[in-house]
Each structure stands twice: as C-alpha cells, then as structure tokens.
Amino acid sequence: MSKFWSPAIQSLVPYTPGEQPKIDGLIKLNTNENPYPPAPGVQQVIATFDAERLRLYPDPDCQALKQALATDQGLQPEQVFVGNGSDEVLALAFMAFLRQSQPLLLPQTSYSFYNVYIDLFGIEARHIPLHADFSINLDDYQGSNGGIIFANPNAPTGISVPLSEIHRLLERNTESVVIVDEAYVDFGAESATALVSEFPNLLVTQTFSKSHSLAGMRVGFAYGQAELIDGLERVKNSFNSYPLDMLAQLSAIAALEDQTYFNQCCQQIIATRDWTTTQLTALGFDVLPSHTNFVFASHPKVAGAELMQYLRDNRILVRHFTKPGIDNHLRITIGTETQMQALIDCLRNHPSL
Ligand code: PMP
C-alpha cells in the first residue's frame, strides 16, 4: 500500500515470481510452456541476424507478420492485430471495447488476468458459474451486456466449447464485443477465427507462446474485422507505435512458415497429454477432458495443496490455485514424454496413492 498509488491499484498483487524459480534441474510443468524448441527456422533467424540492424526501429506496422498471419487464415492484414504477448492484446482490448456502462459477462472460473483489468478499470462484471462438470455453457450468457470474454479452451480447466455454441452466441449477441481468448486452441479445440468474416463484433486472440514455443519472445495477436482492429490500433498507437521488436517479428514469421514442425509438435503434445490422462486416471485421479497443453486433475484421497508440495519437494513444479471450488486441483503442463514419465513415477511413490 502507498499513498502515492491510485485507488484502483491498491489491491493489485504482482505476478508471483515463485512460478519462475531460478533453480536448475527442475521439471517445470507449472506455466504451460512448450517443452520443445521453436521451429528450426526461428533458430536460423536468430543465428544469422545482423546486430547492426538494431540501430534502426522495427516496422511499426508489423506488416510482414500481419500478412503472414492473415494468409494463414484466409483473411486480410487489416483484420490482424499484433502485440507483446496475448496479455498485451487482451489489455488493449479491455481498454478499447470493454469499458462500458453495461456489465461484462465472463466465466466465474477462467484466466485470472481478466479480473485484474476489471478491477483496474472499475468495470462492472457478471461472473457466470461453470457447470458442475466445470464446463462453460454459452447459452448461460444472456441479457444486455457491455461485452463478453471467455477463454476457449478455458483455463485452468482445459475444457473447450464447440464452435456451434460460439456461433449461436454471436447470432443472438450482436450489440457488444465478444472476445474469445484462444491461447490454447491449437491443442485440439475448434477456432472461432472461421467466424470473423461473419460477425463484426468478434475478436479472437491467440499467441505464439504455447503452440509455437515462443513464450520468451512475447508475441500475441488477434483476428477481427477491420473496425475492431482499428479500435485496437488507436489505443496502442496512443501509447507506443512499436508493438514488437525486430527479432520477435522475424521469429514469429519463421515459426508460422514451418507448418510441418508446428503440426508435429502439437500432435506430440496431444499424444503425451492423452497418455498422461490415462496414467493419472489409473492412479485414481479425476482428470478433466483437455483440449490444451495441460491437464486439470484432482485426487479424492489427497488434497491438491499437499500433492503440489510433494511434487515440489521432488523438484517437479505444477500449478495449484487457492480459489475455492478449484483448490483441490492441480494444473499440470504437458512436458516431454520423459518428464511426464517422471511425474507419474513420482506420484506412484506417494504413500497415499
Ligand atoms: N490467455 C490465457 C488463457 C492464458 O493462459 C495465457 C498465458 N498465461 C495468456 C492468454 C497469455 O499468454 P501470452 O501473453 O504469453 O500470449
């Protein structure tokens, strides 16, 4: 607390550095990073980059990257926005679209970041409970509102909603912006990008952090009709006209170019996720059906907090949330086959499992 801080920031809590410890030899399954390196083309870009070029500012419009992202989805570059990670894209979207007089609708359990912006901007919000099986039913998102935001697949549950449900929501909700946060969509869910041309109020955000193994570069993006993208550009440009550094722009393009590597990487993670789910289930865990690069699991006999600590004592990091309703669960990122085998072996040695 400080008398110099604005009232809106008094209750903010900084991102916990505990999730990024500086200790070698840990099996890090706590922040949903990709266990595999970026595409070989990215390594090539970095290895051959001439540092002399850093004298110059990067392209403020990220034209080449926007073109590559547009081509990837059969859209136009004016329908693409890029930012420093999808967190920044989401933050700008909150500023541009979601500060309305009507309440924002969002799931009660979802990406915690949304509530930070709700608090920061004093946005009125209606949190809609998940169903008993932790699923989101978009038919619950009814009535006049100042916007709707949800993650699909949802985090930290990993469960996705089908595209047909999103389509139904967009057909009845035409007066406010609907943001679909697709940070994890490449691990088996249906993307709403296919609906962008049909609905002017739809914004779909995605990231290079997960499926493209570029969390360290901070590249996120959004697809939407030109009207929404223009809104984001206006907010962004009033702060900072250089959204991405030069290497990040070049690396993201290289990652996007290698579709074979991308598909192989995603398929490997999906296969390891399914193997992990089977193994955890055999140990008595309840594992939610995941379309992400993590699983959300609880055990009827051992509390989530205890399991998290037991794993940490054995140098395996997983994520545990203290929020009521999900405080018995662990969110476990899918690592390599070897890492997941180590996790299962470690759990098997737990005295109560
Ligand atoms: N959305 C969701 C649901 C996430 O879990 C994350 C990662 N923490 C993000 C967005 C942001 O990812 P990034 O800023 O790395 O693109």
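None of the figures in this text is laboratory data; all of them are computed from the coordinates on show. Values in this document were obtained by computation on a predicted structure and should not be read as measured data. Here the Cβ is made from the backbone with ideal geometry for all residues, glycine too, and neighbour counts use every protein chain on show.
Laid out as a table, the results:
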| item | result |
| --- | --- |
| Rh (Kirkwood; distinct C-alpha pairs) - the chain, Å | 21.3 Å |
| Most fluctuating residue given options Glu19, Glu88, Glu78, as computed from a GNM of the chain linking Cα atoms under 10 Å | Glu19 |
| Spin-label model distance (nm) - Phe4 vs Tyr242, 7 Å beyond Cα toward Cβ | 2.7 nm |
| Inverse mean reciprocal Cα-Cα distance (Kirkwood Rh) of the stretch 55-94, Å | 11.1 Å |
| Whole-Å distance, taken between Cα centres, linking the stretch 88-109 and the stretch 224-262 | 20 Å |
| Label point distance in nm, Ala132-Lys323, each placed 7 Å from Cα along Cα→Cβ | 2.1 nm |
| Signed unit charges on C-beta, dipole axis of the chain, positive-most listed residue Val177, Thr338, Gln268 | Thr338 |
| For the chain, share of DSSP beta bridges that run antiparallel, in % to the nearest 5 | 50 percent |
| CD proxy at 222 nm, helix term only [per DSSP H run n ≥ 4: -39500 (n - 2.57); per residue of the chain; nearest 500] | -11000 deg cm²/dmol |
| Volume of the Cα convex hull of the stretch 124-258, divided per residue and given in Å³ | 135 Å³ |
| Relative contact order (%) - the chain, alpha-carbon pairs under 8 angstrom, separation at least six | 23 percent |
| The stretch 179-209: GluC sites (Glu not before Pro) in DSSP loop, at most 15 other beta carbons within 10 Å | Glu198 |
| Calculated FRET value between Gln264 and Ser164, using beta carbons and R₀ = 30 Å, to 0.05 | 0.55 |
